[in-house]
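Have a look at the structure below, then the notes.
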Amino acid sequence: MTSPEPDSSARPALSPDTLVVEIGRPPRTDGASVNPPIDLSSTFVSTGDISSSPYAYARFDTPAWSPFEEALGQLEHASLPGLVFGSGLAAISAVISLVPASGTLVIPAHTYQGALASAEQIAQRQGFDLVTVDIADTEAVIAALDEASAKTAGPGMLWIESPTNPMLEVGDVPALTAAAKDRGFLVAVDNTFATPLLQTPLDHGADIVVHSVTKYLAGHSDVVLGAALTSSTELRERLHTERSMRGAIAGPFEVWLALRGLRTLAVRLDRAQANAQAIAERLAAHPTVTETRYPGLPADPGHARAAAQMNGFGAIIAFTVDTAEKATAIAEAVRLWTPATSLGGVESLIERRRRHPAEPETVPEGLIRLSVGIENLEDLWADLEAALG
Ligand SMILES: *Cc1c(COP(=O)(O)O)cnc(C)c1O
């Protein structure tokens with residue numbers, strides 16, 4: 001695959017907030033486009049052995065994906081370009097499909113509910129065991145890995161999501177990864193909440209990172225897209241085959257929009273995190289709120305761990321009020337926040353999570369998830385405070 005990059009070996013190492021602006025651009029020649037074009041071709045000129053052509057047919061690879069795949073690969077510190085998928089869940093399904101029938105998938109009980117539902121379905125079809133764990137309880141996760149190694153013959157996979165959606169539990173990514181690798185498990189991390197600007201799990205030894213690009217990376221709630229990243233040639237090949245054979249591929253325009261969104265990731269995240277920190281502090285002090293979960297709060301159970309392994313605390317907050325009715329009323333009373341599912345866009349969203357029938361019963365009925373956007377802090381707080389009252 002040819003690199004669309006200017007020669008980066010000639011430059012000093014760039015910070016991630018510069019990289020998001022710089023990477024994935026066409027070579028600098030007079031008259032060249034500053035942005036990659038949207039390549040709509042479904043097929044490419046290729047002679048002889050089809051596998052020797054960098055591009056042959058757009059279900060396998062296309063120049064429409066390459067700039068974004070190379071950019072995300074660099075950001076996640078993968079030695080190989082990423083693989084873009086038609087949605088986060090398509091990437092997740094491809095990765096979970098790597099678990100063999102003889103293995104066990106150890107997965108957080110509060111992982112994104114769509115990922116858990118998909119994992120349960122794939123486990124049933126492929127015949128592997130699935131065990132749910134509290135990802136914040138390192139000892140319990142290690143005990144589950146030991147039990148799985150004793151019970152099943154083949155290698156398994158540890159799925160890590162940290163912070164989790166929607167409970168904001170923080171797992172010890174370095175310790176969990178090391179323990180799983182010691183026991184021969186593959187480690188996959190859903191890095192959607194953190195983004196590569198806040199944590200790069202491949203640096204801790206994880207085998208695969210997945211993203212719902214739909215969220216922060218694209219950042220404007222106008223694209224559904226996913227990605228998987230790895231530094232293993234073998235794993236990338238298997239995931240590539242999974243993508244090509246199942247056909248869950250991304251459209252050229254969606255990927256172009258995601259790369260465009262990526263350009264502002266650092267400034268969006270800075271502003272959203274600053275807003276989230278202030279809002280979490282105010283929620284924690286509010287009489288209507290029974291609990292606030294945000295890793296940036298010093299009293300949060302995940303605070304120390306997040307401070308040690310992340311470059312920031314993200315912009316998702318979970319807080320609870322005492323009843324489902326009250327939570328629903330709050331989500332209906334806001335005027336600036338948008339009552340909607342999803343997260344990671346520039347606009348602030350609010351949702352009572354248990355309105356999803358598939359959300360686990362261990363998520364409180366009165367739990368509200370906030371995706372804090374980049375609006376003015378005082379405008380956001382005034383609207384939320386009025387709804388709480
Ligand atoms: C939204 C989300 C997904 C699913 O991604 P889609 O792009 O909606 O398919 C997976 N993981 C997490 C953490 C998410 O928030």
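The values are calculated or read from the model by the stated rules, or taken from the named source; none is laboratory data. What you see is a predicted model, and the numbers here were worked out from it, not measured in a lab. Every residue, glycine among them, receives a Cβ derived from its backbone with ideal geometry; neighbour counts consider all protein chains shown.
Looking at residue 7, is it at pLDDT below 95, charged (D, E, K, R), within 28 Å of residue 201 (Cα to Cα) and loosely packed, with under 13 Cβ neighbours inside 10 Å?
Against the criterion (at pLDDT below 95, charged (D, E, K, R), within 28 Å of residue 201 (Cα to Cα) and loosely packed, with under 13 Cβ neighbours inside 10 Å), residue 7 qualifies.
Return yes or no: is residue 155 within 11 Å of the ligand (Cβ to nearest atom) and over 30 Å from residue 40 (Cβ atoms)? Step through it out loud before you land on a result.
Numbers: within 11 Å of the ligand (Cβ to nearest atom): no; over 30 Å from residue 40 (Cβ atoms): yes.
In short, no.
Looking at segment 297-341, which of its residues are aliphatic (A, V, I, L, M) and more than 21 Å from the chain's Cα centre (by Cα)?
297, 299, 304, 321, 324, 327, 329, 330, 331, 333, 334, 336
Condition first: more than 16 Å from the ligand (Cβ to nearest atom) and either of a type outside the set (D, E, K, R) or in the same structural domain as residue 280 (by TED's automatic domain parsing) (or both). Now tell me which residues in segment 159-184 satisfy that.
Residues of segment 159-184 that are more than 16 Å from the ligand (Cβ to nearest atom), as a first pass: 172, 174-184.
Matches in segment 159-184: 174, 175, 176, 177, 178, 179, 180, 184.
So, in segment 90-117, exactly how many residues are buried (at least 21 other Cβ atoms within 10 Å of the Cβ) and more than 20 Å from residue 171 (Cβ to Cβ)?
4
Count, please, the residues in segment 173-207 that happen to be touching a residue at least 24 places away in the same chain (Cβ under 8 Å), charged (D, E, K, R) and over 24 Å from residue 117 (Cα atoms). Show your work before the answer.
As a first pass, look at segment 173-207 and keep what is touching a residue at least 24 places away in the same chain (Cβ under 8 Å): 173-181, 183-207.
Applying the additional criterion that residues be charged (D, E, K, R) yields 181, 183, 190, 203, 207.
Subsequent filtering for residues that are over 24 Å from residue 117 (Cα atoms) retains 181, 183, 203.
Number of matching residues: 3.
Kindly evaluate residue 297 against the criterion of being under 21 Å from residue 373 (Cβ atoms) and within 16 Å of the ligand (Cβ to nearest atom). Step through it out loud before you land on a result.
Working: under 21 Å from residue 373 (Cβ atoms): yes; within 16 Å of the ligand (Cβ to nearest atom): no.
For residue 297, the condition - under 21 Å from residue 373 (Cβ atoms) and within 16 Å of the ligand (Cβ to nearest atom) - is not met.
Only one residue in 288, 292, 328 is surrounded by 19 or more Cβ atoms within 10 Å (Cβ to Cβ) and more than 16 Å from the ligand (Cβ to nearest atom), so which one is that? Please lay out each step first, then the result.
Values: 288 fails: surrounded by 19 or more Cβ atoms within 10 Å (Cβ to Cβ); 328 fails: surrounded by 19 or more Cβ atoms within 10 Å (Cβ to Cβ).
Going through 288, 292, 328 in turn, the sole match is 292.
Applying the selection to segment 118-160, what residues are of a type in the set (D, E, K, R) and surrounded by fewer than 16 Cβ atoms within 10 Å (Cβ to Cβ)? I'd like the intermediate steps shown before the answer.
First, pick out the residues of segment 118-160 that are of a type in the set (D, E, K, R): 120, 125, 129, 134, 137, 139, 146-147, 151.
Matches in segment 118-160: 120, 125, 137, 139, 146, 147, 151.
Which strands (runs of 3 or more DSSP E) sit wholly inside segment 185-285 and have at least 1 residues that are farther than 29 Å from residue 145 by Cβ and within 16 Å of the ligand (Cβ to nearest atom)? Talk me through it step by step, then tell me what you get.
Working: elements: 186-190, 208-212, 226-230.
Fully inside segment 185-285 and qualifying: nothing.
If the requirement is being small (Gly, Ala, Ser), modelled with pLDDT of 95 or more and farther than 22 Å from residue 297 by Cβ, which of these qualifies: 194, 175? Step through it out loud before you land on a result.
On the way: 194 fails: farther than 22 Å from residue 297 by Cβ.
None of the others qualify; the one that does is 175.
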